[in-house]
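In what follows, a single structure is set out as structure tokens and then discussed.
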Amino acid sequence: MTLSAFNLLATAPTSGEAEAIDKIGLGRGIRMERIVSFGQASPDGFWCDQDMAEWVMVLSGRARLSIAGEETDRVLGPGDALFLPAHCRHRVTWTDPSSPTIWLALFVDTDLNPVAAGAMLVDDDAKS
């Protein structure tokens, strides 16, 4: 077994013309990425519609995310997380141009389900 340790914030690029996307984990039905935005947003008219569900968290910086069908953008800052089910159309409308926005994104097969903070999955077989 190989252990890999690094700091997601300390190793992040500090500037760039394009978003920096680093795959930091990959397995059957799951992919983890660090995304660093430098003021980028989704192109006008573009909506992300992906086959995998996505859990995303802003580690540093600020962003706004638009979800199809919602009237107002979601404002995200450090520690804010959002679960986007597969095919939930969304787009990044703004990221802070004055400092990098660092995201942790976990893409999961639609057969996996998120658990809300503080909640637990209960194995029904364990009750009997």
Quiz item: For segment 12-84, what is the convex hull (Cα atoms) projected area averaged across all directions, in square nanometres?
Solution: 5.7 nm²
Quiz item: Measuring from the lowest to the highest alpha carbon on each principal axis, how far does the chain reach, largest first, in angstroms?
Solution: 56, 42, 25
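Kirkwood hydrodynamic radius, computed over distinct alpha-carbon pairs, for segment 43-100: how many Å, to one decimal? Let's see the in-between values first.
Details: mean 1/r = 0.0837 Å⁻¹.
Final number for the Kirkwood radius of segment 43-100 is 11.9 Å.
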Exercise. Evaluate the distance, in nm, between pseudo-label points positioned 7 Å from the Cα of residue 32 and of residue 48 along their respective Cα→Cβ axes.
Key: 1.8 nm
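For the pair residue 15 and residue 67, what calculated FRET efficiency results from E = 1/(1 + (r/R0)^6), where r is the Cβ-Cβ distance and R0 = 35 Å, to the nearest 0.05? Walk me through the intermediate numbers first.
Working: r = 29 Å, r/R0 = 0.82.
After rounding to 0.05, the efficiency reads 0.75.
Could you tell me what percent of the accessible area of segment 13-79 is made up of carbon and sulfur, with a 1.4 Å probe and every protein chain present?
Numbers: 2070 of 4080 Å².
Ligands and nucleic acids excluded, carbon and sulfur reach 51 percent.
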Quiz item: For segment 71-103 and segment 1-68, what is the separation of their Cα centres, given in Å?
Solution: 10 Å
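With a 1.4 Å probe and every protein chain left in place, work out the accessible area per residue of the chain in Å², rounded to a whole number. Before the final figure, lay out the partial values.
Numbers: 8400 Å² over 128 residues.
Accessible area per residue: 66 Å².
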Exercise. Taking H placed 1.01 Å from N in the peptide plane, check which residues at least 5 places from residue 84 or on another chain put their amide H under 5 Å from its amide H.
Key: 54, 55, 56
Quiz prompt | Amide H partners (placed H, <5 Å) of residue 24, local residues excluded | solution = 32, 33, 34
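The values are calculated or read from the model by the stated rules, or taken from the named source; none is laboratory data. Predicted model, so just to flag it, every value in this text is computed and none were measured. Quick reminder, even Gly has a Cβ in these numbers, built from the backbone with ideal geometry, and neighbours come from all protein chains shown. Surface areas here come from the heavy atoms of the whole protein model, side chains and all, with no ligands, DNA or RNA. Shrake-Rupley method; radii C 1.70, N 1.55, O 1.52, S 1.80 Å.
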